[in-house]
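Working notes, beginning with the structure itself.
The values are calculated or read from the model by the stated rules, or taken from the named source; none is laboratory data. No experiment lies behind these values; they were computed from the predicted model shown. Methodologically, a virtual Cβ is constructed for each residue, glycine included, from the backbone with ideal geometry; neighbour enumeration extends over all protein chains shown.
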Amino acid sequence: MQDIPSKNAIHFQNVSLVFEHGVRLFSGLNLTIESGGFYFLTGVSGAGKSTLLKMIYLGCKQSSGTISLFDTNTARISFRDIAFLRRKIGIVFQDFRLIPHLTVLDNVALPLQVRGVSPRKAQAEAAELLNWVGLKDHLKSLPHTLSGGEQQRVAISRAVIGRPKLLVADEPTGNVDDETALKLLYLFEEMHKQGTTVILATHNRNLAQELKYPEIFLEKGQAFLLEPEPTLIKEGILV
Amino acid sequence: MTTHHLDLPLKADPSSRFLPWIVALMGYLATLSLMIALSVSTLIHHWNRGFQDHITIQVPAGSLFEKESSSAHTEIEVKVRHTLNRTAGVGTVKILSSQEILEILNPWVPKESSLETSFLPQLIDVEIQNRRVFSLPHLRQALHTISPHIVVEDHLTWQSNFLDLARSAQVISFAIVTLIILAAVGTVAFTSQTSLIIHRNIIEVLHLVGATDAYIAKQFQMHAFRIGLKGSFIGFILSGLTILGLQFFIQDLHIPLLENLLSSLSVWSITLVIPCLITLFMMLAAQLTVRLSLRASV
Ligand SMILES: Nc1ncnc2c1ncn2[C@@H]1O[C@H](COP(=O)(O)OP(=O)(O)OP(=O)(O)O)[C@@H](O)[C@H]1O
Ligand SMILES: [Mg+2]
């Protein structure tokens, strides 16, 4: 796959998703996410935020319609290229999905290691990143010995270490205190400023509206793109 | 440094505990099998060299060199020689001494055996120079008229019978080695598939962080390599000990052919191929199973 800059990071066209037992989650969903953008993905619990992200990182296949990533139709990608496409995507899972028998350091180094980076170099980079998110005392710990918020930071470190073109994060600030949440949001903003497309799923619509970024709102199997309305929010805060 | 660590905890799988021992058993049986095949080869070689185109005329003990009737023996001997001289296609004729007879039997008869030489048949070794003009039935008939006790043995017949037998033994041994390797392949395919199911969550994460099927398959291959090497070399060493034990046991019997075989360095170095083959096939089986299974599960 060539690395020419793509206009759209993600393009959903008339996408439907019906689960095995016949339950329909999305029907005729259209969505365009521009490269380099910063988006919040909102909706009530069960609206399908996690599932939409899953379709984006090719973790589940749509029932109909087309999904393009970086202007490439995902239906036409070979098995091998799926792996290379996923290397452009950093994923923070809602349930972290850290590998239980690997140390924090090895978990974070993993995306680099599967790319063929030498273990020594991968671990050095992972250590630096973990130091930055405040986990330098836990490099050799196993994930289950960490608190929920600490595990979340490990998960975020693993998602960003490969400098992805697209970062999808599912409730990345759900388990941390406000101060840490702000610090993590700052990390995501930093990555956005460096050109990464960022999608943060959250059920906290206030957070989304405060930060003046566009919001993808999921409701009844459809996606609505809401542009930020700075003045309204300002008024709201002032009132 | 953890340069060789596996992202998948395959070592903790239940199969990792028993598989090395199964592989050890396979390595043990395969090495012994190959050893038998090689021994038979050496044996065949030995015989092919030992007997070229000869026939043996056997005069049962007591009818030729008996002290009481040395005149009778001379008479028969002269007649036999005379008949042979007149038979077309016959080359050198040699009456074997009892010492020479013992030497021919050497591989089978203990060296210090105190066989009563007078019980041995008297043997006349006859070289056949030209099979095309030589007629065995003709000679048999001529000798029968001298004495009905005389037996003519054509090496070509029993030698080829023996070779057939030896070759079948060889084929069976190689078939056993092949079957054992196939069994190793099957076992690895099965345990790899089980491991894929046990670790499907981790494998999914590996895929999502960008691992190719090849990367995942390599981990299984590395695991198979460790188990294969460990197991089959344990089997190889055990089979070596068995052979050495056997050798120690038969040493007292002084059977030179077997002694030579078992201490032959070339036989040992050839059998070293067994653990290597088993390990190699196990690695290939792991690699192929994982790749095909991952492909099928997409
Ligand atoms: N594999 C599946 N099979 C059947 N139903 C599923 C499957 N995955 C998700 N769902 C259903 O799809 C709906 C959306 O789930 P999803 O996890 O995407 O919601 P969400 O918006 O992320 O919710 P939350 O805010 O609680 O995380 C839920 O009703 C869920 O039960
Ligand atoms: Mg969710």
Item to check | Residues of region A:104-123 classified as within 9 Å of chain B (Cβ to nearest Cβ) and either under 20 Å from B:I216 (Cβ atoms) or of a type in the set (F, W, Y) (or both), total | outcome: 9
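Each row is one residue, and each column tells you yes or no for (1) within 14 Å of chain B (Cβ to nearest Cβ); (2) over 29 Å from A:F188 (Cα atoms); (3) more than 7 Å from ligand 1 (Cβ to nearest atom); (4) among the basic types (K, R).
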residue: A:S27; (1), (2), (3), (4): no, yes, yes, no
residue: A:S35; (1), (2), (3), (4): no, no, yes, no
residue: A:K49; (1), (2), (3), (4): no, no, no, yes
residue: A:Y57; (1), (2), (3), (4): yes, no, yes, no
Checklist entry - A:E215: more than 15 Å from ligand 2 (Cβ to nearest atom) and free of Cβ contacts under 8 Å to residues at least 24 places away in the same chain, yes or no? => result no
Next on the checklist: Just checking, does region A:124-131 include any residue being hydrophobic (A, V, I, L, M, F, W, C) and more than 14 Å from chain B (Cβ to nearest Cβ)?
Outcome noted: yes
Item to check | Matching residues in region A:56-76 - criterion: being part of a loop (DSSP other than H, G, I, E, B) and touching a residue at least 60 places away in the same chain (Cβ under 8 Å) | outcome: A:Y57, A:F70, A:D71
Checklist entry - If you go through region A:42-55, how many residues are in contact (Cβ under 8 Å) with a residue 24 or more places away in the chain and farther than 27 Å from A:P5 by Cα? => result 6
Checklist outcome for this item: For B:D125, the lone unmet condition from (1) modelled with pLDDT of 75 or more; (2) exposed (fewer than 12 other Cβ atoms within 10 Å of the Cβ); (3) touching a His at 6+ places or on another chain (Cβ under 7 Å) is (2)
Checklist entry - Can you pull out the residues in region A:177-205 that are of a type in the set (S, T, Y) and within 16 Å of ligand 1 (Cβ to nearest atom)? => result A:T202
Item to check | Residues satisfying the stated conditions in region A:34-48, i.e. in contact with a Phe, Trp or Tyr (Cβ under 9 Å, 6 or more places away or on another chain) and more than 14 Å from ligand 2 (Cβ to nearest atom) | outcome: A:S35, A:G37, A:F38, A:Y39
Checklist entry - Among A:L25, A:L31, which is the only one that is within 16 Å of ligand 2 (Cβ to nearest atom) and assigned by TED's automatic domain parsing to the domain that holds A:K193? => result A:L25
Checklist entry - When region B:125-138 is examined, which residues are found to be under 10 Å from B:T87 (Cα atoms) and free of Cβ contacts under 8 Å to residues at least 60 places away in the same chain? => result B:V133, B:F134, B:S135, B:H138
Next on the checklist: Return the residues of region B:184-204 that are within 14 Å of another protein chain (Cβ to nearest Cβ) and part of a helix (DSSP H, G or I); say none if nothing qualifies.
Outcome noted: B:S195, B:I198, B:R200, B:N201, B:I202, B:I203, B:E204
Checklist outcome for this item: Every listed condition ((1) within 20 Å of A:S50 (Cα to Cα); (2) over 13 Å from the mean Cα position of the chain (by Cα); (3) at the interface with chain B (Cβ under 7 Å from one of its Cβ atoms); (4) outside any loop (DSSP other than H, G, I, E, B)) holds for A:A83 save (1)
